[in-house]
Every structure is written in C-alpha cells, then in structure tokens.
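Step one of this worksheet: look at the structure below.
What follows is calculated from the coordinates using simple rules that are stated; it is not laboratory data. Bear in mind the structure is a predicted one, so any value in this text is a computation, not a measurement. We place every Cβ from the backbone using ideal geometry, glycine too, and count neighbours over all the protein chains shown.
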Amino acid sequence: MSGKERRVHERFFMRIQTKVTAETLSGKTPMMEFLTANISAGGAFIETDHPLPLVSKVRLEFLLSLEDLQTLKFVLSLETLKAWKGTRVWVSASGIVTRCEPTGMGIMFDENYRLSPMETPEDMES
C-alpha cells in the first residue's frame, strides 16, 4: 500500500478532554477520562497507556467551542448554528475502537452523535 492518506475527514491536532464509556459483554465499564491527540468529524485518537480492545463499542463525550465544531465539520445545518446562543457545544458520540497502539487507541465515530449547546451566563444576557 502506498503512503497516500486514506482518511475521509481532515484530522486536527486538538487536545480535548474526553469522557469514554465502553460497552462490554457484562455491561458498561465505568466512565474514563482521556485526552485526544487528534480528532476529526469521523473519529479521534485517544492518548492512553491502556487502550481498550479492538472493536470495543464506546460512547464519547466532550466539550467544543462553536469555532472548533465548525473547524471539525460536524454535520450541522446553518439554521441550527444560527439558533444557538451558546459559545460551547457538548458532543456525545458513539463509535468503535479500530486501532490500538502503545500510546493510545483510534476510535471511528458512527453517525449517532448528539450536539447540545451549553449557555454561559454571558450568553443568557443577550
């Protein structure tokens, strides 16, 4: 295989605090907190010394600014963006572990993500 990039979504090197819950045969694991090394609209690479097993189903939650959300190109309608008064968005996404390395794990998002605007006191005044 050539060194050509296979990713569909552009990757951004952002360190975002992320909460991860994995689904196991015996139920869900406790929520763990990690930092992303990089992220795109299609997935993320999570830094950890103890990656979850390949094909583990996971749920991720993280907070983004509206600017970062637009940079990452999550699928949103322009009307939705205009309606939001907040400056930050809580993202809840699900996915699967597709790669494990000594420094972390790659997670591919599925299309089941939810975006919830978070209003700050300053946003509520306007």
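A simple count of charges around K19, restricted to other residues whose Cβ falls under 10 Å of its Cβ and scoring Lys, Arg +1 and Asp, Glu -1, yields -1. Highest mean first, the peptides 17-30, 36-49, 89-102 sorted by other C-beta atoms within 10 Å per residue fall in the order 36-49, 89-102, 17-30.
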